[in-house]
Amino acid sequence: MLKRLILLLVPMLSLLSASVVNYLEHSPAANALSGITLLSDSVADYSLSPTIGHTGISTFYHRPFNMSEIAVVGFATAAARNRFILAGGSTYLHHSDYSWHNPFLSAAYHYYGIALGISGHMVYDSVKDVDSEYDFSYDLAARYSHKDYGAELKFLRVGSSDEQLTISMKAALSEGVYTATSYVYESGGKDYFRAGIQTDINQYLSVYGSWQNEPNRFGLGAKLGIEPWSLIYSLRTHPQLDLSHAIALQRNW
Amino acid sequence: MELSLEELPEQSTQTLYDRQAIYSTALYGAASFADSPYSRAQLKLKSAAFQAFAGTKVEDQRPQANIQLRYRDHFALGSYRVTWGKGLLLNRSTTHPAILYPSHPSTYEPQGLAISLKPGAWQILTFASQVERAAKLSEGLITQLPRSKTDILGSTRERVVGSGLVYTSDGFEIGSLYYHQSYDRAFSDAKSDSLLEAVSIYGAVNSGAHRLMAECAVQDQASIALSWSMIHPRFSQEWQYQRLADYQRPAYATKANLLSSTDNREELSARIRYMPFKALRIQAQSTINKGFGDLNEVNWLARHQLGLNFSDPLSKASLSLTVLDREILSAFDDNYSSSIPLHYRVNASLRQRIFEDIWMDTAFRFHHQERQLALSRGSWWKQSIDYHRDGFGLSLGYSVWNSGNYRMLILDDGDTGYRSLGKNSAQAMLMTEYGWKTGRAKLVLEQELKQDRVTSLLASLSLNLK
């Protein structure tokens, strides 16, 4: 029923962009980690934080709530220059009656464990290519990492109705097992918690897991990598809807 | 870009000739397989003193061609272009008056004979042309003379002759030109005359970093164009002023005013460039245009631009912002209706080297026009990864554009120098090229992912011999 409801709402209200920033978590790593970018090493996640700190190229496919009518594809690249990392990419959501496009450009300054970054976003959504809307916003982020610990403060989509403040902390529970918790506050007054974990099973296989409340969702993912290439697959639950699937191919440099 | 649309095919042709400049024999051929397939070829042959230039384009089984036989810079037979002064009567000149190579084969240009002789400090320039041009007719009268060769039932015979004399000394030159143009049909517009006679006087002063240039062209009334440019290593500026009185644009004259095609207007333009350091260039440009004698038009039409360019071996980035009065573009947009008249454009690009041979490219354009309808904004986004090594190049990318009801023009490497985008769509692109000592082959495959899902293929080949 809810699935039908979403399909009805999609062309009317562009729910995928207007509801919550959760729907911006399209990349497999963000899908698996519930958007906790402090644990992510995916280039595609520059759309959620300019301080990811990794360079490369990533392309992904995302199927929200296993709805075959909707396809989300994304592409991102990031390159380093001195202490700066420049990144750019876009995410495109296609439905026969609705499209949504979010290109972004970001820049971050890295100085040892400290990173400061900014991203600019343009969001375009269109119903049946007839009615459309543009929205511009920007992200600000600061990150500190030292050995097994880290912290991140993000203001996402500043200037839009999807503004979000996120505070995250990271610590290694034991060697090679990284965990993080996040507190997220949205402009409408809604807030929730997230927790995530990331660990390397061996040099080829890594796994991600996460949980968030409000709504209660779990994320799970795996990365199969033969340096510098990696393939990431993830899924994420929803209390009422089907699983969301995402898969990405990435090359780091 | 719409303001100089008619010049883009000419510029793309000039780019081809520039690439062929150092070769004695050069051939460029291209074939496009898409909705409107076409083929294009351009040939240059050069011996010690003689040169031959030929261009052809076949589209919709309709061939168009031009050819020029040339002896040094003195004689040209066939299709040619002539530059003179600030372009009030002929093509705009950047240095001395000259006979240029032919233009794009789809563009009308003088056909006949042109002579330029330089005895001592003097230059004698003479040309004569007769062209059968397509024309839109109404009751036997010319309503429109397209600059591009098109399939229109009507036609008119155009005759152009002119003769000029130039005196050049150190840093100074002055010249005078008589120009005659006639058509075998009258114009429906009472302001346009089938017989046009005009006299132009121009002068230029070069003094180190400065260049002053002025042209006065007299038809029924005098129109003038003035410019002052100053070039220093890190700073340059250019000021231009044009005042067009009762002015009928001659057949091959450069568009005198940028912001308007009508006469009885004046235009002032200023451009400054500053390089704070070697890799960074800042440019600001402002152009204003106003009709004189029209009490209903209170404000000047204006276009203002600000641009930043950064370039070093690792990165190339640019950002430009343009603000212009919407009325300036109304001639290009039939959907335009009364509204708040400002129009904004943002262009940005970033090219970053990742490895020795690999670059990542991103380009973005956004335009906004203040009007009441919903679809008043449009965007274009392109990303690609480029690989270049030992003459081999490979590029893989995509572009997405959203522009519901506005024809968005994007500069392009294609035949006309631009492409027109409408409707929301996305496109995947694969380009591969290989260059060797005497040539280059290039293949561009594009697949539209929405709307009509058009597949297009452009194959081109250049062969050059010294």
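The values are calculated or read from the model by the stated rules, or taken from the named source; none is laboratory data. The structure presented is a predicted model; accordingly, all values stated were derived computationally and were not measured. In this analysis, Cβ positions are derived from the backbone assuming ideal geometry, glycine residues included, and neighbour counts consider all displayed protein chains.
Determine, yes or no, whether B:Q64 is surrounded by fewer than 16 Cβ atoms within 10 Å (Cβ to Cβ) and in contact (Cβ under 8 Å) with a residue 12 or more places away in the chain. Break it down into steps so the answer makes sense when it comes.
Working: surrounded by fewer than 16 Cβ atoms within 10 Å (Cβ to Cβ): no; in contact (Cβ under 8 Å) with a residue 12 or more places away in the chain: yes.
No, not satisfied.
Within the stretch B:414-445, can you find the residues that are touching a residue at least 60 places away in the same chain (Cβ under 8 Å) and not hydroxyl-bearing (S, T, Y)?
Those that are touching a residue at least 60 places away in the same chain (Cβ under 8 Å) and not hydroxyl-bearing (S, T, Y): B:G414, B:D415, B:G417.
Counting residues in the stretch A:174-181 that are farther than 28 Å from A:F65 by Cβ, among the charged types (D, E, K, R) and at pLDDT below 90 gives one or more. Of the residues in the stretch A:121-139, at least one is small (G, A, S) and at the interface with chain B (Cβ under 10 Å from one of its Cβ atoms).
Residues checked against (1) crowded, with 18+ Cβ neighbours inside 10 Å; (2) under 28 Å from A:W100 (Cα atoms):
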position	(1), (2)
B:L421	yes, yes
B:Q427	yes, yes
B:E433	no, no
B:Q447	no, yes
B:L463	no, no
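B:T94 - would you say it is outside any helix (DSSP H, G or I), within 15 Å of the chain's Cα centre (by Cα) and among the polar types (S, T, N, Q)? It is true that B:T94 is outside any helix (DSSP H, G or I), within 15 Å of the chain's Cα centre (by Cα) and among the polar types (S, T, N, Q).
A single member of B:E132, B:E139, B:E158 is over 25 Å from the mean Cα position of the chain (by Cα) and among the acidic types (D, E), and it is B:E139. The C-beta contact set for the stretch B:346-368 (first residue part of a loop (DSSP other than H, G, I, E, B), second residue buried (at least 17 other Cβ atoms within 10 Å of the Cβ), distance under 6 angstrom, 6+ apart or interchain) comprises B:I354/A:A79; B:I354/B:M360. The criterion of being within 10 Å of another protein chain (Cβ to nearest Cβ), crowded, with 19+ Cβ neighbours inside 10 Å and under 24 Å from A:S34 (Cα atoms) holds for A:A78.
When the stretch A:82-95 is filtered for residues that are more than 10 Å from chain B (Cβ to nearest Cβ) and not in a strand (DSSP E or B), only A:R83 remains. Among A:S168, A:S161, which is away from every other protein chain (no Cβ under 11 Å), within 20 Å of A:H26 (Cβ to Cβ) and surrounded by fewer than 17 Cβ atoms within 10 Å (Cβ to Cβ)? After applying the criteria, what remains is A:S161. Entry remark, the stretch B:128-149: residues being part of a loop (DSSP other than H, G, I, E, B) and surrounded by 13 or more Cβ atoms within 10 Å (Cβ to Cβ) number 5 in total. From the list A:R236, A:R251, A:R194, A:R217, pick out the single residue that is farther than 17 Å from A:T37 by Cβ and basic (K, R). So the residue among A:R236, A:R251, A:R194, A:R217 that is farther than 17 Å from A:T37 by Cβ and basic (K, R) is A:R251. Is there a residue being of a type in the set (V, I, T) and surrounded by 17 or more Cβ atoms within 10 Å (Cβ to Cβ) anywhere in the stretch A:130-147? The answer is no; no qualifying residue exists. Might you check whether a residue that is within 21 Å of B:S315 (Cβ to Cβ), assigned to a strand (DSSP E or B), within 14 Å of chain A (Cβ to nearest Cβ) and touching a strand residue (DSSP E or B) at 6+ places or on another chain (Cβ under 8 Å) occurs anywhere in the stretch B:446-462? Scanning the stretch B:446-462 turns up no residue that is within 21 Å of B:S315 (Cβ to Cβ), assigned to a strand (DSSP E or B), within 14 Å of chain A (Cβ to nearest Cβ) and touching a strand residue (DSSP E or B) at 6+ places or on another chain (Cβ under 8 Å). Pairs meeting the criteria (first residue in the stretch A:31-56 and acidic (D, E), second residue crowded, with 24+ Cβ neighbours inside 10 Å, beta carbons under 8 Å, at least 6 apart or on different chains) are A:D41/A:A29; A:D41/A:I52; A:D45/A:S27; A:D45/A:A29; A:D45/A:A30; A:D45/A:T37; A:D45/A:I52.
Here the stretch A:152-174 is the region considered, the condition is being hydrophobic (A, V, I, L, M, F, W, C) and in contact with a helix residue (DSSP H, G or I) (Cβ under 9 Å, 6 or more places away or on another chain), and the residue that is nearest to A:K190 (Cα to Cα) is A:L156.
Counting only residues that are among the hydrophobic types (A, V, I, L, M, F, W, C), crowded, with 24+ Cβ neighbours inside 10 Å and modelled with pLDDT under 95, the stretch B:91-127 holds 0 of them.
Residues are listed down the side, and each one gets a yes or a no for (1) modelled with pLDDT of 95 or more; (2) β-branched (V, I, T):
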site	(1), (2)
B:Q285	yes, no
B:N296	no, no
B:L301	no, no
B:P313	no, no
B:I328	no, yes
B:I340	no, yes
B:L350	no, no
B:R353	no, no
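Taken over the stretch B:439-453, the criterion of being in contact with a Leu (Cβ under 8 Å, 6 or more places away or on another chain) and among the aliphatic types (A, V, I, L, M) is satisfied by B:A441, B:L443, B:V444, B:L445. Please enumerate the residues belonging to the stretch A:185-242 that are of a type in the set (A, V, I, L, M, F, W, C), touching a Leu at 6+ places or on another chain (Cβ under 7 Å) and surrounded by 14 or more Cβ atoms within 10 Å (Cβ to Cβ). Across the stretch A:185-242, the qualifying residues are A:L220, A:A222, A:L231, A:L235, A:L241. In the stretch B:393-403, the condition of being assigned to a loop (DSSP other than H, G, I, E, B) and either at pLDDT below 90 or hydroxyl-bearing (S, T, Y) (or both) is met by at least one residue.
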